[in-house]
1. Restricting to the stretch 146-159, and then to whatever is touching a residue at least 60 places away in the same chain (Cβ under 8 Å) and either of a type in the set (Val, Ile, Thr) or out of contact with any Ser or Thr (no Cβ under 9 Å at 6 or more places or on another chain) (or both), can you tell me which residue is least open to solvent (accessible area, probe 1.4 Å)?
2. Can you tell me which of LEU150, LEU207 is modelled with pLDDT of 95 or more and assigned to a helix (DSSP H, G or I)?
3. Among (1) under 17 Å from ASP16 (Cα atoms); (2) at pLDDT below 95; (3) small (Gly, Ala, Ser), where does GLY180 come up short?
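The values are calculated or read from the model by the stated rules, or taken from the named source; none is laboratory data. Since we're looking at a predicted model, the values are computed, not measured. Neighbour counts are summed over all protein chains in view; Cβ atoms, including those assigned to glycine, are modelled from backbone coordinates with ideal geometry. Accessible surface areas use protein heavy atoms only, side chains included; no ligands, DNA or RNA. Shrake-Rupley method; radii C 1.70, N 1.55, O 1.52, S 1.80 Å.
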Amino acid sequence: MPTRTAVTSLLDADRDLARAVPAEQAAAARRTLAVRVDALDRGSWKPSDEFGQDPPAVGLLVLDGLITREISFADRTTSELLGTGDLLRPQDHDSGFDPLPVAVAWHVLEPARIAVLDGRFALSARPYPGVMVELAARTVRRSRALAFQLALSQLTRVDDRLLVLFWQLAERWGRVGTDGVRLPLELTHRTLGRLVGARRPSVTTALSGLARDGLVERIDEGWLLRGDPAEALRRRGRGTVLPPVHEELEAEEIVG
C-alpha cells in the first residue's frame, strides 16, 4: 500500500509530457491533468492489493524511484528494472500465464512516486493528444529495452552480459564525470543476476574480473564505468556484441 497520496499536475511532475502540449494550451492542461500520486517506500509492493478489480484505465506512471518486476518460473527468476517515465499496467503484465506455474513479484528498490492514470485522466487528456502519443511511445521504449535485455542474456559469458547491461543502464541513468560514467543505482549482485540471467555467485566472479580490467568499479553511490564498451569487448576477443539482423539472414540463406 502507498505510504501517502497527493494530487498534483502531471505536467509539473513530468516535464517531457509537458513538452508534448502546445504552449497555448499549457496553462489549461496543467489545471486539467491533475492526478493522484502515490508514494511507495522500499520493500515488496502488490498493486493488486491497492487497486483490486478496478485498475487504472491507462496505467501507473513512475515519476521517480526504482522498481523491479520479477518473474519466477521453473526455479529461475528474471527481473525488469523500471524507473522514471515508465508506464505500468500490472493488470496486463501479471495475467495470462495460466496454466503455467508463473509467479510475479514487484519490489521498490528506491522510494518511488507513481501517478494513477485512471479513466478520468483519459477523458481529461482528450484535448491533448500529444500526451497520449508520448505515453504510447514510452510503452514502445520499454518493449525495446526488454528485447535488448533478452538479446544480451544470450551472450555466453556473464561478464560480457554485465558489461553490456551496465552501459545500457548508463544511457538512461548515467552521469558523465571526469573519471568515467557514474551509474547511481544500488543494484545488488542478486538483482544484477536476475537482470542478465545468471546466478549470484557467477555475477560476483564476473564483477571481480571486470574490476581487475578497470571497466567497472563499485562506488558508494552505485557503479563507475570506464572506457568504451565496444572496444573492451573487441579487446577481450568477443567481436561485435549483437550481429546485424541482415547479416544473420544472409548467413541463413547461404546455408539453406
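1. LEU152
2. One residue alone meets the criteria, LEU207.
3. Looking at each condition in turn, GLY180 falls short on (1).
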